[in-house]
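Worksheet: one structure, shown below.
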Amino acid sequence: MKPGTRLKSAACDTEVMVIRSAEGTIECGGAPMGEGKPADAALLAADFSTGTLMGKRYVDADGKYELLCVKPGKGSLAVDGVALVVKDAKPLPASD
Amino acid sequence: MNIALLLEMAADAAPDRIALVCEGKRWTYGELLAAARGAFELIRQSDAQYVALLDESSEAAVIAVFGAALAGVPYCPLNYRLPDADLAALLVRIAPALVIGDEERITRIAGEQGHTVLAREDFALKAQETVPTGDAREYDPGADETGGGVAIQLFTSGTTAAPKAAILRHANLLGYILGTVEFGSAEETDAALVVVPPYHIAGISALLSSIYALRTIVMLPAFSPEGWLELVRKERVSNAFVVPTMLSRIIEAMERAGSSEVSSLRAIAYGGGKMPLEVIRKALDLFPQAGFTNAYGLTETSSTVALLGPEDHRAALASDDPAVRARLTSLGKPIPTVEIEIRGENGEVLPAGEPGEIYVRGEQVSGEYKEKSALDAEGWFPTRDAGYMDEHGYLFLSGRADDVIVRGGENMSPGEIEDVLLTHPAIADACACAIPSVEWGETVGIALVLRDGHAAPAEPDIKDLVRARLRSSRVPEKIVFLGELPYNEMGKLLRRKVKDLLAD
């Protein structure tokens, strides 16, 4: 998945922009994400339903994936079934 | 990848929150996004290759930067202070453009260049009235997913040759904002006072950062210290960025006024030139509630690459350790998303404490001009700024690499000589630069400005002062006294002008 690609959740309102990505399947709410929205919404999986937050960046443990949430939703993000976590950014003082 | 994403997210999350206050008019994030989409249509209809702004800061600057981004053409704000002939020479390099601003002047100096010209008010009004068709998502240029398109083109000031066109790609600017600003992190009452002109990188990054943080932008189109203080009071401004000359004039105005209502200010950032120690010390006293941040960055690096934060300022002021106190004059440490190295003449990386040229690398670093890229094979950008890093990682600037004085093969930084000169009670301002020398190739010349009510110190006394504090090679051979040193409107000392004066 190329950086800059926007992906939509099949199970909720979540949309992300890909910042970094590899060969795995990016999922939200337990279902694969795609550039378009499927006609029939996928069922939100209970294990992946903690929700996404606007403007947060989600990463995997190896630093291979980074997704920016540009629209929040009820599902949570994963790659090949492994949940992504919020990237902790150290806040900087406003410099401009 | 497109910087328009920043405004789209802000408008999605808080459509009715106040995004911008300019000359009494208030704009919400939703209104700004709608106007940017209208501007996109206007730009498309005009077949412009660029969107240029020849104007002071206003809502038009915000609408134009995002409208151009949506339309996939570079936004090119121009310096309206340039003489007609210089401006016409820049305008022809971006023809055909949609030029926003002084209609009469643009038509007069560049009427034959094929531009579409709109006055500020017309542009803002038409952008609001033009209702785009279709789904907003179509406005994100899908063909440019990697962010390789040019978002901003800024002409350098070009003191020696024709101005260079520095370009910043969407990926550079997004890298900067996403890496340094937390989305929606501002309180609803936060407001940032923007007074830097729109053609300066700090003026652009201020808009992008504030919008992504959901911090209201309060614009002051033309700086005056009284106007600045009045807006701080009236709009309860919490954040501000100033250049050193502005801060110094604000302090003078506060001292004249006796009292000023500035308690809302929590963060004051400064940059764009060397901050005199005396000014920052006074400022720390006059704004006890505010945290001060010194930001160092360049056009080619999408703004800030190093900063000295509020805690460092306070620690430096309170410390007895000269090394810690000296940090008040440092640029601070590199921000986490960039790398900084100091390199010698042969490109070798220098150890702590050794002066050389500052190199920067990171996603936000474009290091690129329309003509060619200045990046090396590993992506490092040579800033042409000279400086060193101390053993704790604090970066110190000594001046432009081109300003270094080379006397008989010995490199000397003007800054260290100036710092010594400024310790003299009669000297208010000082500039050291290279003057031609038959014996040494170059040697030191200095221009001094006297403090009001002080007599000029004798030349031998000045020479003794430098000799006592530095090596004898730093002792000036030529000394002139001036009424004031030449600065540009951003507070940058025009060393070349002083050099010319001293060479005569």
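Tabulated values for the structure
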| quantity | calculated |
| --- | --- |
| Selection status of B:Ile427, under 28 Å from B:Phe223 (Cβ atoms), β-branched (Val, Ile, Thr) and free of Cβ contacts under 8 Å to residues at least 40 places away in the same chain | yes |
| Those residues of region A:69-90 which are of a type in the set (Val, Ile, Thr) and in contact with a Gly (Cβ under 7 Å, 6 or more places away or on another chain), in sequence order | A:Val79 |
| Residue in region B:308-317 that is touching a Pro at 6+ places or on another chain (Cβ under 8 Å) and in contact (Cβ under 8 Å) with a residue 40 or more places away in the chain present | yes |
| Check on B:Val21, hydrophobic (A, V, I, L, M, F, W, C) and either in contact with a Gly (Cβ under 9 Å, 6 or more places away or on another chain) or part of a helix (DSSP H, G or I) (or both) | no |
| Top-ranked residue of region B:403-423 - restricted to ones that are assigned to a loop (DSSP other than H, G, I, E, B) and among the small types (Gly, Ala, Ser), ranked as surrounded by the most Cβ atoms within 10 Å (Cβ to Cβ) | B:Ser413 |
| Matching residues in region B:223-234 - criterion: being crowded, with 17+ Cβ neighbours inside 10 Å and either touching a residue at least 60 places away in the same chain (Cβ under 8 Å) or part of a loop (DSSP other than H, G, I, E, B) (or both) | B:Phe223 |
| Lone qualifier among B:Ile250, B:Ile211, B:Ile204, B:Ile268 - being in a helix (DSSP H, G or I) and over 24 Å from B:Glu59 (Cβ atoms) | B:Ile250 |
| Test for B:Ile250: is it more than 24 Å from B:Arg26 (Cα to Cα) and buried (at least 19 other Cβ atoms within 10 Å of the Cβ) | yes |
| Any hit, region B:222-245, residues being farther than 26 Å from B:Arg495 by Cα, among the β-branched types (Val, Ile, Thr) and more than 14 Å from every other protein chain (Cβ to nearest Cβ) | yes |
| Condition met for B:Ala36 (closer than 23 Å to A:Ile19 by Cα and within 26 Å of the chain's Cα centre (by Cα)) | no |
| Filter result (in a loop (DSSP other than H, G, I, E, B) and farther than 18 Å from B:Ala61 by Cα) within region B:89-114 | B:Ala95, B:Pro96, B:Gly111, B:Glu112, B:Gln113, B:Gly114 |
| Matching residues in region A:22-76 - criterion: being acidic (Asp, Glu) and either surrounded by 20 or more Cβ atoms within 10 Å (Cβ to Cβ) or under 24 Å from B:Leu7 (Cα atoms) (or both) | A:Glu27, A:Glu35, A:Asp60, A:Glu66 |
| Total residues in region B:254-284, condition surrounded by fewer than 15 Cβ atoms within 10 Å (Cβ to Cβ) and at pLDDT 90 or above | 5 |
| Filtered residues of region B:471-497 (kept if assigned to a helix (DSSP H, G or I) and either at positive phi or in contact with a helix residue (DSSP H, G or I) (Cβ under 8 Å, 6 or more places away or on another chain) (or both)) | B:Arg474, B:Arg495 |
| Within region A:77-96, considering residues that are among the charged types (D, E, K, R) and either surrounded by 13 or more Cβ atoms within 10 Å (Cβ to Cβ) or more than 30 Å from B:Ile217 (Cβ to Cβ) (or both), the one modelled with the lowest pLDDT | A:Asp96 |
| Number of the exception - B:Asp86 against (1) in a helix (DSSP H, G or I); (2) among the charged types (D, E, K, R); (3) surrounded by fewer than 16 Cβ atoms within 10 Å (Cβ to Cβ) | (3) |
| When residues of region B:449-460 are limited to those that are touching a residue at least 24 places away in the same chain (Cβ under 8 Å) and either touching a His at 6+ places or on another chain (Cβ under 9 Å) or surrounded by 11 or more Cβ atoms within 10 Å (Cβ to Cβ) (or both), the one nearest to B:Val475 (Cα to Cα) | B:Pro457 |
| Residue identified as touching a helix residue (DSSP H, G or I) at 6+ places or on another chain (Cβ under 6 Å), among the small types (Gly, Ala, Ser) and in contact (Cβ under 8 Å) with a residue 40 or more places away in the chain among B:Ala191, B:Ala166 | B:Ala166 |
| Residue identified as closer than 18 Å to B:Arg496 by Cα and not in a loop (DSSP other than H, G, I, E, B) among B:Ala468, B:Ala428, B:Ala432 | B:Ala432 |
| Selected residue (only one of B:Leu54, B:Leu78 is within 14 Å of B:Ile152 (Cα to Cα), touching a residue at least 12 places away in the same chain (Cβ under 8 Å) and aliphatic (A, V, I, L, M)) | B:Leu78 |
| Residues that are basic (Lys, Arg) and out of contact with any Pro (no Cβ under 9 Å at 6 or more places or on another chain), drawn from region B:37-77 | B:Arg44 |
| Candidate set from region B:12-47 (those that are buried (at least 24 other Cβ atoms within 10 Å of the Cβ) and within 14 Å of chain A (Cβ to nearest Cβ)); member that is nearest to B:Leu168 (Cα to Cα) | B:Leu33 |
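Quick grid of which residues meet (1) part of a helix (DSSP H, G or I); (2) modelled with pLDDT of 85 or more; (3) surrounded by 18 or more Cβ atoms within 10 Å (Cβ to Cβ):
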residue: B:Gly147; (1), (2), (3): no, no, yes
residue: B:Leu154; (1), (2), (3): no, yes, yes
residue: B:Ala171; (1), (2), (3): yes, yes, yes
residue: B:Ile177; (1), (2), (3): yes, yes, yes
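The values are calculated or read from the model by the stated rules, or taken from the named source; none is laboratory data. Since we're looking at a predicted model, the values are computed, not measured. With ideal geometry, Cβ positions are generated from the backbone for all residues, glycine too; neighbour counts draw on all protein chains shown.
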